[in-house]
Structures are given as C-alpha cells and as structure tokens.
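Quick notes on the structure that follows.
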Amino acid sequence: MTPASEPARILDGAALAQRIRAGVGDGCRRLRERRGVVPGLTVVLVGEDAASQIYVRNKEKAARAAGMESHVVRLPTATSERELLGLVGELNADPAVHGILVQLPLPEGIDSQRVIEALDPDKDVDGFHPLNAGRLFAGLPGLLPCTPAGILRLLEHHEIPLAGKRAVVLGRSNIVGKPLALLLLRRNCTVTICHSRTTNLAEIAASADVLVAAIGRPGLVTGEMIKPGAAVVDVGIHRVSEESECRRLYGDDPERLAAVRERGGTLVGDVHPLEARRRAGWLSPVPGGVGPLTIALLLENTLAAAERAATSVH
Ligand code: NAP
C-alpha cells in the first residue's frame with residue numbers, strides 16, 4: 001500500500017466506467033450481428049422524485065449510447081401497487097425487454113419488496129430479487145447488484161490487494177453494504193460489517209486495509225477512522241449547499257466554494273475528503289468514483305441478460 005505521507009491516489013471510477021461502457025457497446029454490436037438481438041432495458045419510474053428523474057434519464061441515455069433499446073415508463077404518484085405489478089407482469093412477458101429496473105424509492109403505499117419479487121429474476125438487472133441475492137449468498141452466478149459489483153471492479157482494476165486483507169464495510173443495506181461484504185468475502189477478504197448500532201465504529205474502521213463507506217452521512221468518516229495507506233471507497237452522495245459545511249469538508253478549495261456560491265451546491269460523500277486524502281493510500285472521489293460505475297454495471301447486466309435470453313431461445 002502507498003505510504004501515508006503521500007496524498008491518496010484516485011480510484012478513478014469515471015475512467016473505468018467509460019471502458020466498461022465501451023465494452024458493453026462492443027458486446028451489443030456482436031449480439032446484434034450474430035443473433036439479430038438488440039438488448040432492451042425498460043426503466044419504470046413512479047412519481048416525481050427529483051433525484052430519481054435525473055438517475056432515470058442518465059440510465060436511459062447511457063443504454064442508448066451503448067446501442068440498446070431503452071425506454072422509461074413514467075407513472076403518476078397515485079399509481080397503485082396492483083397497477084405496477086400488472087406492468088411488471090407485462091414487461092416480464094415481453095421478449096424485447098431483457099432488463100427491467102424499477103427505480104427506488106417507490107411512493108408510499110407501494111411495497112417495494114413485493115414489486116422486486118414480482119420481477120422475472122433473469123430480467124432483474126438491479127440484482128435485488130431474492131433469487132439473485134440468494135445466488136450471491138451461495139456463490140453462484142447471477143445478476144449482481146450494480147453498485148457493489150462496480151466497487152469490486154474498481155478495486156480490482158486498481159490492483160488493490162484483497163486476499164487476506166481486512167475489509168470493513170460501513171452500512172448494511174440490501175443494495176450496497178450486505179452484497180458488497182459478500183463480494184469481498186468471495187475475494188478472500190476478512191470482512192466486518194458496521195451499522196448504526198456498532199460500538200467502536202471508528203476503531204474498527206481504522207483497522208481496515210479496505211474501507212467502504214455506504215452510510216448516507218456526509219463526511220462522517222474522518223481521518224482518524226482511516227488506517228494510513230488504506231484503500232477507501234466512498235459510496236455516499238450528498239449535496240452541500242452551505243458555505244460553512246463546504247469549508248468543513250473541502251477547506252478553501254476554490255472550485256468547491258465557487259460551486260456552492262454560483263451553482264448552489266457541490267457534492268460530497270460519506271468520507272471527509274480533505275482528511276481522507278491525507279491518510280488514505282487510495283480514495284474514490286465524489287463525484288467520479290462509484291456513481292458512474294453503477295450505471296456501467298447496469299448496462300453490463302442488461303447485456304448479460306440479453307445474451308442469456310438469446311442463447312436460451314436459439
Ligand atoms: P441506507 O439504506 O440508508 O443504509 C445506510 C446504512 O448505514 C444502514 O445500514 C445504517 O445502519 C448505516 N448507518 C447510518 N448511519 C450510520 C452511522 N452514523 N454509523 C454507522 N452506520 C450508519 O443507504 P444505502 O442505500 O446503502 O446508501 C448509502 C449511501 O450511498 C447513500 O448516501 C446513498 O445515496 C449512496 N448510494 C450511492 C450509490 C452510487 O451509485 N454512488 C448507489 C447507492 C447508494 P442501520 O442498518 O443500523 O440503520
């Protein structure tokens with residue numbers, strides 16, 4: 001690992017995501033030429049959540065750029081669970097749709113888990129269906145959740161040693177923390193998962209060779225929680241709009257301050273960026289770290305689902 005006196009090297013998710021997306025583009029071309037199949041991704045958005053609208057638009061654009069058929073089905077907030085389940089049933093039956101993504105969170109009154117369980121597991125490109133979660137648990141091949149799969153790729157791409165290393169995952173959500181812990185275990189890390197009830201969180205975090213923060217708390221991971229030279233992956237995404245908070249996290253960084261003053265905000269993760277840069281050996285930036293990989297892995301999953309469908313039909 002890099003000595004702690006050097007500033008952390010960047011775990012460049014944006015560059016890796018571009019490479020992955022280019023590879024998906026090639027895969028789509030091959031599938032079209034060899035089997036006449038164009039991978040199809042349908043994203044379902046219920047309601048008006050502003051952040052979700054942006055995520056969904058980005059996913060649609062990225063899928064199209066890779067040569068996929070991509071559609072967004074936009075439904076009003078008042079959509080009932082029954083209506084949504086009906087739509088999922090139709091998409092499950094549509095052979096032109098290889099990947100279905102129901103954007104979360106869903107409006108109140110709709111049970112997300114029930115909707116996820118209604119998806120055809122072979123079209124579950126988010127990797128959230130219990131069958132895919134079970135496959136991951138059992139070490140079997142299946143569609144992996146995009147963010148954890150992207151994080152693993154990021155670490156592997158930068159040749160961060162994993163086997164025998166101590167990995168600490170902060171957060172135990174079904175979409176990031178838990179699946180990531182299993183993926184790190186697969187790579188022979190010794191894994192600890194921390195959560196809001198963990199005592200001595202700082203001490204445990206500071207023992208990690210590989211530290212992943214997925215807790216949804218801006219800048220919570222401070223310098224003393226990082227082992228000098230550790231690889232730190234920051235999954236959190238938060239908007240900072242107060243100048244004092246921006247200074248706490250980024251010091252006098254002119255670009256970040258200008259973003260707050262002129263554009264009303266800048267982004268930060270769960271890791272304190274200034275302190276982490278001084279302590280860590282490797283650090284994923286926000287933005288440009290984990291975020292772009294989540295979309296790239298979604299495209300890879302969709303291509304994989306289409307290839308699987310194409311080979312099982314013919
Ligand atoms: P989540 O479902 O809210 O889970 C947060 C986890 O962090 C929970 O396990 C919670 O513990 C734990 N936690 C909360 N506060 C804590 C504290 N003070 N100390 C220790 N643990 C604490 O969040 P998520 O969906 O996993 O997402 C986490 C972050 O990653 C969010 O900022 C989200 O926006 C971001 N994210 C980014 C991407 C991307 O593509 N870049 C993708 C997904 C998520 P309990 O279980 O005990 O409540």
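Bear in mind these aren't lab numbers, they're just calculated from the coordinates by the rules spelled out. Small disclaimer: the values here were computed from a predicted structure and weren't measured. Please note: Cβ atoms are built from the backbone with ideal geometry, for glycine as well, and neighbour counts cover all protein chains shown.
Listed values, structure above:
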read-out	value
Count of residues meeting criterion [in a helix (DSSP H, G or I), within 16 Å of the ligand (Cβ to nearest atom) and hydrophobic (A, V, I, L, M, F, W, C)] in the range 279-305	7
Index of the failed condition, Val286 passing every other in (1) surrounded by fewer than 21 Cβ atoms within 10 Å (Cβ to Cβ); (2) in contact with a strand residue (DSSP E or B) (Cβ under 9 Å, 6 or more places away or on another chain)	(1)
Extreme residue, surrounded by the most Cβ atoms within 10 Å (Cβ to Cβ), among residues of the range 61-99 that are in a loop (DSSP other than H, G, I, E, B) and of a type outside the set (A, V, I, L, M, F, W, C)	His98
Search result, residues across the range 146-175 that are assigned to a loop (DSSP other than H, G, I, E, B) and more than 9 Å from the ligand (Cβ to nearest atom)	His158, Glu159, Ile160, Pro161, Leu162, Ala163, Gly164, Lys165
Residue list for the range 237-277, restricted to those being more than 14 Å from the ligand (Cβ to nearest atom) and of a type in the set (Lys, Arg)	Arg247, Arg248, Arg256, Arg261, Arg263, Arg277
Contacts under 8 angstrom Cβ, first residue in the range 44-56 being surrounded by 19 or more Cβ atoms within 10 Å (Cβ to Cβ), partner part of a helix (DSSP H, G or I), 6 or more apart	Val44/Leu84; Val44/Leu87; Val44/Val88; Val44/Leu91; Leu45/Ser52; Leu45/Gln53; Leu45/Val56; Val46/Leu84
Residues located in the range 184-212, provided they are surrounded by fewer than 23 Cβ atoms within 10 Å (Cβ to Cβ) and in a helix (DSSP H, G or I)	Leu185, Arg186, Leu201, Ala202, Glu203, Ile204
Selection within the range 213-233 - of a type in the set (Lys, Arg) and either assigned to a helix (DSSP H, G or I) or near the ligand (Cβ under 10 Å from one of its atoms) (or both)	Arg217
Sole exception among (1) touching a helix residue (DSSP H, G or I) at 6+ places or on another chain (Cβ under 7 Å); (2) under 24 Å from Ala213 (Cα atoms) for Met68, by number	(2)
